[in-house]
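What follows is a set of notes on a single structure, which appears directly below.
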Amino acid sequence: MEDGISALDVAEKVLLTWPREIAKPRVGLVRDWQRPPSWIKYGRFCQNNGLFHEFYEIHAYNWMEEAGRFDLIVGHPSGTPSRLDELWRKTYILERLLGKQCYPALDDLDMYEDKHMQFSVLRLLKFPVIPTWISYDERDALRLAATLKYPLVSKLITGAGAMGVAMIKSSAEAERFIRKVFSPHGCYRHWPYLRQKDYVLFQEFIPNDGYDVRVICVGDLAFGYYRRAASGDFRASGSGIYEKRELPEQVVHTAHRVAQALNAPYLSVDFLRNTVGEYLIIEIAHFNQIDTPEQLHVDGVPGAYMVDGDKPVRFVPGRFWVQELALKRVCERYIARRQQDGTQNMGCDWPQSVGRVPAS
Ligand SMILES: Nc1ncnc2c1ncn2[C@@H]1O[C@H](COP(=O)(O)OP(=O)(O)O)[C@@H](O)[C@H]1O
Ligand SMILES: [Mg+2]
C-alpha cells in the first residue's frame, strides 16, 4: 500500500479541511476489480486526510455485522447486472436501516448503468437526450416499430463498451427482434447469464462526426476527452481510440448542470454531435474506468476546467485522481449531514499505526 500510494503521487494531493466539531468517519473500503483499481486512490485520500480506513468485505456472508465497524462505505462498483443487484440490496440496508453513508449512495445506484432510468430522468429534467422509446409490451413495441425511422439503435438497459448496442436496419428486423425478446426465453445479447427479456429500448440513430465526447464532472471541476469509432463501426465506446484535446464549452456547461441536478459526486456525461452541430446526451455514468490522472489535455497540457455558473470555463493545469476528488465531495456531504443533524457519530481520528489497508 505504501509503495502503491507513492506511485500515485504524480497527482496533486486532494485535501479537505475537516471541521473540529465533527468526528471523522471510519471508512470501509470496498475493493474493486478495475485495472488499475480505484480503491487505491480512495485509500490515498483517506491516508492524506487522516481518515481511519480498512477493507470492508461487503460480499461476505457477515457483511451486516461487519458494517458496524464503519460510518462511511466507499467503493467503485462493478457495472455487471449480478453485482448491481447485490449492491442495490446491500446499500438499501446499509443506508436506510443501519444508518451508514455509502458511496455510491442509493441515489447514485438508481441511475448507474441503467439506460432506462437515465433517459427518463434526464428527459423529465429537460436535458437534451437522444430521442428514445422504451416498451415493456410486445404489441405496443410492434406498433412502435411500424412507425419508427430506420436505421435505429437498440440497447440493453445495462451494458458498457457498446457490448449491448446494435443497429436495426429495417422494421422487419425490428419485428423479428421484438418477437424474440418477448418470447419465453428472451434474446441472447451480451451477458452470458442474462438474456434481454420483456423490454426493448430503441433510440433514434444520430448521424454524427464519428466521435463521442465525454465530460467528467466532479464538483466545479470538469475533465474529458473524445472517443472515435473504429472504421466500419458506428460505436465509439469500446473502440479504445481516445483523443485528448479541448472540449466544447457548451458541453462542459451542460454536463456540469446535469451533475448538479443529480447531486452526483462524480458524473460523466457522453454526447454525440449531430449533423446540425447540436450535442445530444447518449448516457451518463457515476463511475468509469480511470487509467490516468490526466483526464483532460488542452494543447498537450494535463489539467481541469473550472466551471463557475455560466461564465467561460477556466483551464487549470495539473494532474488529479478524479476518484479522490469524488471522495472529497462525498466527505463534504458527510460533514454537511452531520452539521445538519447536530449529532456526533462514533468515528475517530486515524492513529498513524492502525487502520492501514494491507498491501494487495
Ligand atoms: N443513438 C445513437 N446514434 C448513433 N450512435 C450512437 C447512438 N447511441 C450510441 N451510439 C454510439 O454507440 C456507442 C455506444 O453507445 P452507448 O449507449 O454509450 O453504450 P455503452 O453503454 O455500451 O457505452 C456510443 O459511444 C456512440 O458512439
Ligand atoms: Mg457509452
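The values are calculated or read from the model by the stated rules, or taken from the named source; none is laboratory data. As the structure is a prediction and not an experimental result, all values here were calculated from the model. Please note: Cβ atoms are built from the backbone with ideal geometry, for glycine as well, and neighbour counts cover all protein chains shown. For the accessible areas, the whole protein counts, side chains as well, though only heavy atoms, and no ligand, DNA or RNA atoms are used. Shrake-Rupley method; radii C 1.70, N 1.55, O 1.52, S 1.80 Å.
Listed values, structure above:
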item: Residues T147 and Q339, FRET efficiency given R0 of 51 Å [Cβ-Cβ distance, rounded to 0.05]; result: 0.45
item: Difference of contour (0.36 nm per residue) and Cα-Cα distance, E57 to V10; result: 14.0 nm
item: Test item: Cα-centred dipole of segment 18-171, Lys/Arg +1 and Asp/Glu -1 on Cβ, debye; result: 540 debye
item: Isotropically averaged projected area of segment 273-349, using the convex hull of Cα atoms (one quarter of hull area), nm²; result: 9.0 nm²
item: Relative contact order computed over segment 131-204 (Cα-Cα under 8 Å; 6+ residues apart), in percent; result: 44 percent
item: Cα-based Rg and Dmax for segment 257-304, where Dmax is the largest Cα-Cα distance (Å); result: 13.1, 34
item: For a label point 7 Å along the Cα-to-beta-carbon line of D107, residues of segment 125-149 with backbone N under 16 Å; result: 125
item: Residue among Q340, F205, V322 farthest towards the positive dipole end of the chain, charges placed on Cβ; result: F205
item: Relative contact order computed over the chain (Cα-Cα under 8 Å; 6+ residues apart), in percent; result: 21 percent
item: Distance (nanometres) between label positions extended 7 Å along Cα→Cβ at K311 and N263; result: 2.6 nm
item: W18, W88, ranked by accessible area, largest first (probe 1.4 Å); result: W88, W18
item: Extension gain, E65 back to M163 (0.36 nm per residue minus Cα-Cα distance, nm); result: 31.5 nm
item: Per principal axis, descending, Cα span of segment 200-242 in whole Å; result: 35, 27, 17
item: Isotropically averaged projected area of segment 5-94, using the convex hull of Cα atoms (one quarter of hull area), nm²; result: 6.8 nm²
item: With every protein chain in place, the chain: carbon and sulfur % of accessible area (1.4 Å); result: 52 percent
item: Two-decimal ratio, segment 211-317, of alpha-carbon radius of gyration to 2.2 N^0.38 Å; result: 1.01
item: For segment 202-286: relative contact order, % (alpha-carbon pairs under 8 angstrom, 6 or more apart); result: 32 percent
item: All-pairs Cα distance distribution in the chain, expressed in whole percent, bin size 20 Å; result: 27, 55, 17, 0
item: Cleavage-rule hits, trypsin sites (Lys or Arg not before Pro), segment 213-267, DSSP coil, Cβ neighbours within 10 Å at most 13; result: R245
item: Across K149/K311; K169/K197; K13/K126, pairs whose alpha-carbon gap is larger than 28 Å; result: K149/K311; K13/K126
item: 1.4 Å probe accessible area per residue over the chain, in Å²; result: 48 Å²
item: Set of aspartates and glutamates with alpha-carbon distance to K328 below 15 Å, sequence-local pairs under 8 removed; result: E12, D220
item: Selection from M167, Y193, S135 lying farthest towards where the dipole of segment 131-204 points positive, charges on Cβ; result: Y193
item: Ranked by how many other beta carbons lie within 10 Å on average, peptides 310-319, 323-332 from highest; result: 323-332, 310-319
item: Gyration tensor verdict on segment 131-204 (Cα atoms; rounded if a/c is under 1.5, prolate if a/b is larger than b/c, oblate otherwise); result: oblate
